[in-house]
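Novice: Dropping a structure here in structure tokens format, bear with me for questions.
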Amino acid sequence: MREDNQLIVMTHLSQLITLLVGFGSLLLPLILWLTQKERVYQMDQHGKNIINFQLSLIVYCLICIPLILWFGLGLLGFIILGIISVVFPIVNAVKASKGEIPKYPLSLNFIG
């Protein structure tokens, strides 16, 4: 296994592809993780954290949909999730560049 912090940082930042094309925040990191998890040191742990975070965001967005009808709380939820989905990949990419294994907040454990 080789150590490649730049690829791990790019995997964290690949979640931001949604800002450019409107989708892919789960797909691109998933592809990078599946193809590199056995070749790059610590890619497996970083990839699992990213995939769990993205799947959690999808679940939280689905929860926000019916909450829109209840005093507009769903809209507030979408705004908060949007901010979290941009800020934490950047923060965790910086942590990953320093060799740390970052954790994402509010992340459910889908992949162990």
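Novice: Test Ile111 against the criterion of being touching a His at 6+ places or on another chain (Cβ under 9 Å) and of a type in the set (A, V, I, L, M, F, W, C), and give yes or no.
Specialist: no
Novice: Within the set of pairs 6+ apart or on separate chains, which have a first residue in the range 99-112 that is farther than 15 Å from Leu26 by Cα, a second that is assigned to a loop (DSSP other than H, G, I, E, B) and open to solvent by less than 70 Å² (accessible area, probe 1.4 Å), and C-beta atoms under 8 Å apart?
Specialist: Once the first residue is farther than 15 Å from Leu26 by Cα and sits in the range 99-112, its partners that are assigned to a loop (DSSP other than H, G, I, E, B) and open to solvent by less than 70 Å² (accessible area, probe 1.4 Å) give Ile101/Gln42.
Novice: What number of residues within the range 25-40 satisfy the criterion of being over 11 Å from the mean Cα position of the chain (by Cα), more than 14 Å from Ala93 (Cβ to Cβ) and open to solvent by less than 50 Å² (accessible area, probe 1.4 Å)?
Specialist: Adding up the residues that qualify gives 3.
Novice: Examine the range 1-12 for a residue that is in contact with a Ser or Thr (Cβ under 7 Å, 6 or more places away or on another chain) and either on the phi < 0 side of the Ramachandran plot or open to solvent by 50 Å² or more (accessible area, probe 1.4 Å) (or both), and state whether such a residue exists.
Specialist: Yes, the range 1-12 contains a residue that is in contact with a Ser or Thr (Cβ under 7 Å, 6 or more places away or on another chain) and either on the phi < 0 side of the Ramachandran plot or open to solvent by 50 Å² or more (accessible area, probe 1.4 Å) (or both).
Novice: Going through the range 83-95 one residue at a time, which ones are surrounded by 14 or more Cβ atoms within 10 Å (Cβ to Cβ) and either closer than 14 Å to Cys61 by Cα or small (Gly, Ala, Ser) (or both)?
Specialist: Those that are surrounded by 14 or more Cβ atoms within 10 Å (Cβ to Cβ) and either closer than 14 Å to Cys61 by Cα or small (Gly, Ala, Ser) (or both): Ile84, Ser85, Ala93.
Novice: Is it the case that Val59 is open to solvent by less than 70 Å² (accessible area, probe 1.4 Å), within 15 Å of Leu13 (Cα to Cα) and either of a type in the set (A, V, I, L, M) or free of Cβ contacts under 8 Å to residues at least 60 places away in the same chain (or both)?
Specialist: Judged against the criteria, Val59 is not a match.
Novice: Taking the residues in the range 13-24 that are among the β-branched types (Val, Ile, Thr) and surrounded by 12 or more Cβ atoms within 10 Å (Cβ to Cβ) as candidates, determine which candidate is modelled with the highest pLDDT.
Specialist: Ile17
The values are calculated or read from the model by the stated rules, or taken from the named source; none is laboratory data. Here the structure is a predicted model, which is why all the values come from computation and not from measurement. In this analysis, Cβ positions are derived from the backbone assuming ideal geometry, glycine residues included, and neighbour counts consider all displayed protein chains. What goes into the accessible areas is simple: the full protein's heavy atoms, side chains included, and nothing from ligands, DNA or RNA. Shrake-Rupley method; radii C 1.70, N 1.55, O 1.52, S 1.80 Å.
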